[in-house]
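Asks: Below is one structure. I have some questions about it.
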Amino acid sequence: MKKPIQFIIVIILFAQSLAVNGQVLSKEKFKEPSIEYWPRPLWFWNNATVTEEGIEKQMLAYRDSCGYGGFGILPFGKDFKPEYLTGDYFRVYGKALEKAKELGLTMCLYDEYGFPSGGIGLHGGDGLPRFEQQFPGQTIKRLDKLEDTTVGPTVYKAKIPSAGKLMSIVAMKTNTLERIDLTDQVSEGYIKWNVPKGNWKIMTFTCVKDPDVIADYLNPDAIRNFIKMTHQEYYKRFSEYFGTVIHGTFFDEPTMYRAEGRMWTEMYNEKFENKYSFSPAILYPALWYNIGPETESARNLLFGFRAELYAKGFTKEINDWSVKHGVWATGHQDQEEILNQVSISGDYMKSFKYLEVPGIDKIGGDRPAERFYKLISSSACNWDRQLVMSETYGAMGTFGEKGDITWNELFSIAMDQYAKGINMLIPHAVWYDVNHVTYKPELSHRNPLYADSLKVFNQFLSRLNCILQKKARHVADIAILYPIQSLQGDHYLDGPLGKYKGGVDIPYTDYIDVANWLTNYAGKDFTFIHPETLNEKCSVMDGMLHLENKINWEEYKVLVIPSCKTISVSNLQKIKDFYENGGAIVFTTRLPSVAVEMGKNEELVRLIKSIFPKGENESAIYSNKKGGEALFIPEPTAENLRESLRDIGSDYDVDYPVNEDIRYIHKVIEGQDVFYFANTGDDPVNIPVTLRGNIKLQSWDPHTGEITNINSRNDTDSKTEKESTVANLRLKPFYSCFWVGNRKN
């Protein structure tokens with residue numbers, strides 16, 4: 001049977017990937033990385049008329065003067081010409097692909113005109129609602145609530161809203177929180193109900209069309225039509241470039257804070273019932289109100305299912321199309337720096353579950369994305385992905401007359417990202433018309449601040465890519481449970497913070513603080529573990545928690561459970577099993593008290609008491625005969641977290657004296673240990689580093705390509721007979737190095 005071209009392209013790409021990633025690390029390729037590892041910036045075709053001559057001239061200069069290995073073309077601005085998605089537009093785009101092939105460059109297909117993805121020029125473009133014009137019924141929907149009150153006994157009759165689709169009508173007794181589903185009592189546009197005695201609040205929930213006419217992210221049919229208008233139009237004209245010149249697709253900021261943070265979809269109830277075998281109608285009041293003991297469970301069901309619809313409705317559709325057509329897919333959310341993501345990305349880690357290359361955006365302003373890098377790279381670790389993207393440096397102009405950033409800042413940000421698991425930095429950006437740069441800096445040879453050294457910097461990034469993009473497994477002794485169940489349990493719609501900041505500030509949320517204390521002050525790498533991953537992909541054996549992936553398998557000796565009010569009994573049971581099997585568990589700020597599963601609060605409380613008999617009244621370390629240790633830290637700080645890790649364990653994978661400027665990551669590539677160390681600060685570093693095991697080390701310098709041997713010593717613990725390797729780490733300010741080693745058997 002003749003294979004379709006898409007299948008053949010995927011097989012070829014897979015074979016090429018094995019050829020590149022399956023080899024032992026090459027010193028020659030590290031010194032002079034091939035063009036496939038050169039960074040590929042976004043190339044804004046901005047508020048200008050783009051010509052074939054301009055394209056050819058700029059692409060050659062970007063390669064030879066800047067060291068760029070390709071681009072993601074981003075049409076942008078109301079004055080951009082030729083008109084988006086017209087024949088003339090595709091003609092000049094085709095010229096860029098033709099020139100890229102000639103120059104040996106690779107391209108990433110950006111899926112929009114401006115951003116966010118889904119409007120096709122609506123925002124950041126020319127303002128034309130192209131998607132709505134073709135598919136007016138498939139734009140974003142919003143969940144609205146209409147309230148009324150009545151006192152029974154009486155007969156209540158009211159007209160239901162004529163706009164939108166009715167999702168639920170629920171009466172809730174104000175003093176007891178008793179709820180009655182009235183949805184099936186609607187007839188001819190009216191609700192009629194014989195009201196029992198008492199004070200009742202009657203809530204009508206409808207799914208309505210929102211004024212924002214971007215494609216409905218929760219509706220796979222809408223996203224398939226968005227793909228048909230964008231991705232498929234490129235493929236129809238340029239199929240021969242897919243999998244050769246075009247390597248990937250890129251989406252931008254498809255986020256759920258739109259529709260007032262109440263994004264919904266008309267098929268929600270039907271899809272929910274198909275999955276859970278009961279209607280969600282009676283649960284709807286929990287989206288706004290406390291409904292009693294079932295509140296947290298109901299919210300986890302409702303918000304959790306919405307997050308799943310979002311991940312499958314948008315990201316999975318984009319990814320599936322891309323893979324089918326021989327390329328990978330990447331992209332990122334907006335407002336990634338918000339602690340409570342329930343009405344922004346839904347479930348931040350899970351929003352990338354179906355994406356080949358999870359991504360994040362590091363931009364200027366008060367947007368500390370660096371605190372959240374590990375969530376993205378951990379998502380990749382959880383679901384066995386190898387590449388992690390960051391769109392970096394956009395809108396960061398803060399230095400000098402040109403509004404640019406310093407070389408030290410450029411290096412420091414890049415090193416921090418790669419040490420936290422990002423391995424595909426996409427510079428933001430180069431601009432077609434340098435006289436109309438909207439978001440500084442302009443990262444090309446035309447900017448006098450960067451002209452002399454940009455090629456050197458990009459070679460540095462290329463060396464990082466050459467090592468860290470290879471097929472590898474991540475090594476970390478510590479896992480942190482991602483507390484999405486607690487965030488969902490305490491979230492509600494129309495919160496006081498407003499839609500853009502997540503709506504609701506969840507008290508005692510500390511997971512990001514704990515994560516950054518580990519990295520910056522305890523000097524310990526870790527992986528966030530999603531509750532779903534803990535249940536489905538983790539096993540307990542020999543005092544270790546094993547993440548059972550095909551490529552990125554990990555083994556944890558410590559599991560940190562950050563502040564949680566709500567947790568699933570299934571998760572807590574596995575946590576207890578880990579402890580009883582000899583593992584170390586650390587709870588911070590508050591112990592869980594509410595179960596995700598309905599009716600299991602008492603069981604959860606019993607499990608907690610079986611681990612911590614005195615509850616939150618004491619922060620002592622509990623232990624068992626298998627060597628398991630359990631600790632609750634009611635008021636965590638960087639210092640007491642660091643000391644606690646020392647108290648409950650030793651023989652960590654990497655250990656060094658406290659230095660908040662040091663970052664590291666450890667990967668194993670084809671049996672070789674690779675440690676990347678970075679000094680992100682402005683003081684030199686000279687400290688001893690202890691590595692678990694007996695390892696013969698070399699230093700590979702990504703700044704220069706130089707490779708040297710490392711003087712180290714091997715120590716053996718007299719009691720445990722465990723071996724370790726000690727070497728001095730010497731780094732200049734804003735400098736980094738690889739330690740590459742082979743273990744002695």
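The values are calculated or read from the model by the stated rules, or taken from the named source; none is laboratory data. Quantities reported herein were computed from a predicted structural model and do not represent experimental measurements. With ideal geometry, Cβ positions are generated from the backbone for all residues, glycine too; neighbour counts draw on all protein chains shown. Just the protein is used for accessible areas: all its heavy atoms, side chains included, with ligands, DNA and RNA removed. Shrake-Rupley method; radii C 1.70, N 1.55, O 1.52, S 1.80 Å.
Asks: When the accessible area of the chain is computed with all protein chains present and a 1.4 Å probe, what percentage of it is carbon and sulfur?
Replies: Working: 14040 of 28470 Å².
Summing carbon and sulfur atoms, their accessible area is 49 percent of the total for the chain.
Asks: Go through LEU143, PRO733, GLY495 and say which Cα lies farthest out towards the positive end of the charge dipole of the chain; charges sit on Cβ, +1 for Lys and Arg, -1 for Asp and Glu.
Replies: Value: LEU143.
Asks: Could I ask something else about it? Kindly work out what percent of the DSSP beta bridges joining two residues of the chain are antiparallel, to the nearest 5. Kindly include the intermediate steps, with their values, before the conclusion.
Replies: Values: 86 of 135 bridges.
So the antiparallel bridges amount to about 65 percent of the total.
Asks: Here is a further query. Dipole size in debye (nearest 20) for segment 543-594 around its Cα centre, Lys and Arg Cβ +1, Asp and Glu Cβ -1?
Replies: Details: 6 positive and 5 negative charges, 49 e Å.
Computed about the Cα centre, the dipole is about 240 debye.
Asks: Through the Karplus equation 6.51 cos²θ - 1.76 cosθ + 1.60, θ set to phi - 60°, convert the phi angles of segment 71-86 into ³J(HN,Hα) values in whole Hz; use x for Gly and Pro.
Replies: Ordered by residue, 3J(HN,Hα) equals 8, x, 6, 10, x, 7, x, 5, 9, 5, 9, x, 4, 4, 6, 8 Hz.
Asks: For segment 591-695, report the translational diffusion coefficient in µm²/s to the nearest whole number, using Stokes-Einstein at 10 °C, 1.306 mPa s, and a Kirkwood Rh over Cα pairs.
Replies: Working: Rh = 17.5 Å.
Answer from the Stokes-Einstein relation: 91 µm²/s.
Asks: Which Cα, out of ILE214, SER187, ILE648, lies furthest along the positive dipole direction of the chain (beta carbon charges, K/R +1, D/E -1)?
Replies: Farthest towards the positive end: SER187.
Asks: How large is the dipole of the chain about the Cα centre if only Lys and Arg carry +1 and Asp and Glu carry -1, each at its Cβ, rounded to the nearest 20 debye?
Replies: On the way: 85 positive and 97 negative charges, 268 e Å.
The dipole of the chain has a size of about 1280 debye.
Asks: For LEU387, which sequence-distant residues (separation of 5 or more, or a different chain) have an amide H within less than 5 Å of its own amide H, given hydrogens modelled in the peptide plane?
Replies: The list, which skips near neighbours in sequence, is empty: none.
Asks: Now, a different point. P(r) tail for the chain, what percent of Cα pairs lie past 53 Å?
Replies: The answer is 13 percent, as a whole percent.
Asks: Next question. Mean shadow of segment 177-305, computed from the convex hull of its alpha carbons, in nm²?
Replies: On the way: hull surface 47.2 nm².
Mean projected area of the Cα convex hull: 11.8 nm².
Asks: Stretched out fully, how many nm does the piece from SER593 to SER239 gain, at 0.36 nm a residue minus the Cα gap? Intermediate values should be presented prior to the final figure.
Replies: Details: separation 354, 0.36 × 354 = 127.44 nm, distance 5.50 nm.
Using 0.36 nm per residue and subtracting the Cα-Cα distance, I get 121.9 nm.
Asks: Still on this structure: Going highest first, how would you order 360-368, 567-575, 212-220 by mean Cβ packing within 10 Å? Please list the in-between numbers first.
Replies: Details: 360-368: 16.9, 567-575: 20.6, 212-220: 24.2.
Top to bottom by mean Cβ count within 10 Å: 212-220, 567-575, 360-368.
Asks: Round to the nearest 0.05 the FRET efficiency obtained for TYR521 and ASP366 when R0 = 30 Å and r is the Cβ-Cβ distance.
Replies: Details: r = 22 Å, r/R0 = 0.74.
Computed FRET efficiency for TYR521 and ASP366 comes out at 0.85.
Asks: To the nearest Å, what is the center-to-center distance of segment 125-190 and segment 264-282, using C-alpha atoms only?
Replies: After rounding, the separation between the Cα centres reads 15 Å.
Asks: Now for a separate question. For the chain, what is the accessible area per residue in Å² when the probe is 1.4 Å?
Replies: 38
Asks: Can you work out the Karplus-derived ³J(HN,Hα) for every residue in segment 317-329? Use 6.51 cos²θ - 1.76 cosθ + 1.60 with θ = phi - 60°, whole Hz, and x for glycine or proline.
Replies: 5, 4, 5, 4, 5, 4, 4, 4, 9, x, 9, 8, 10
Asks: Continuing with the same structure: For segment 574-591, just list the computed ³J(HN,Hα) in residue order, Karplus coefficients 6.51, -1.76 and 1.60, θ = phi - 60°, integers in Hz, with x standing in for Gly and Pro.
Replies: Result, rounded to whole Hz: 5, 4, 5, 4, 4, 4, 5, 8, x, x, 9, 10, 10, 9, 10, 6, 8, 8.
Asks: Which value at 222 nm does the chain reach when only helices count, each DSSP H run of 4 or more adding -39,500 (n - 2.57), with the total divided by all residues and rounded to the nearest 500 deg cm²/dmol?
Replies: After summing the helix terms and dividing by residue count, I get -8000 deg cm²/dmol.
Asks: Okay, next question. Quick one: work out the % antiparallel among DSSP beta bridges in segment 518-639, nearest 5.
Replies: 50
Asks: At what distance in nm do the modelled label points of SER162 and VAL456 sit from each other, each positioned 7 Å from its Cα along Cα→Cβ?
Replies: Spacing of the two 7 Å Cα→Cβ label points: 7.2 nm.
Asks: Separate question: Over all directions, how big on average is the projection of the convex hull of the alpha-carbon atoms in segment 648-721, in square nanometres?
Replies: Projected over every direction and averaged, the Cα hull of segment 648-721 covers 6.6 nm².
Asks: Charges on Cβ only, +1 for Lys and Arg, -1 for Asp and Glu, centred on the Cα centroid of segment 390-517; of ILE413, GLN469, ASN447, which one is farthest towards the dipole's positive end?
Replies: GLN469
Asks: Mind ranking 669-681, 636-648, 450-462 by how tightly packed they are, going by the mean number of other C-beta atoms within 10 angstrom, highest first?
Replies: Taking the mean over residues of other Cβ atoms within 10 Å, the ranking is 669-681, 450-462, 636-648.
Asks: Let me ask something else. Which whole-number percentage describes the relative contact order of the chain, with Cα contacts under 8 Å and a sequence gap of 6 or more?
Replies: 12
Asks: How big is the Kirkwood radius of segment 393-533, worked out from every pair of different alpha carbons and given in Å to one decimal? Mind showing how you got there, number by number?
Replies: Working: mean 1/r = 0.0540 Å⁻¹.
Taking every pair of different Cα atoms in segment 393-533, averaging 1/r and inverting gives 18.5 Å.
Asks: Give me the three principal axis extents of segment 454-595 from the C-alpha atoms, as integers in angstrom, largest value leading.
Replies: Largest first, segment 454-595 extends 52, 45, 28 Å along its Cα principal axes.
Asks: Compute the orientation-averaged projected area for segment 17-141 from the convex hull of its Cα atoms and round it to one decimal in nm².
Replies: 10.2
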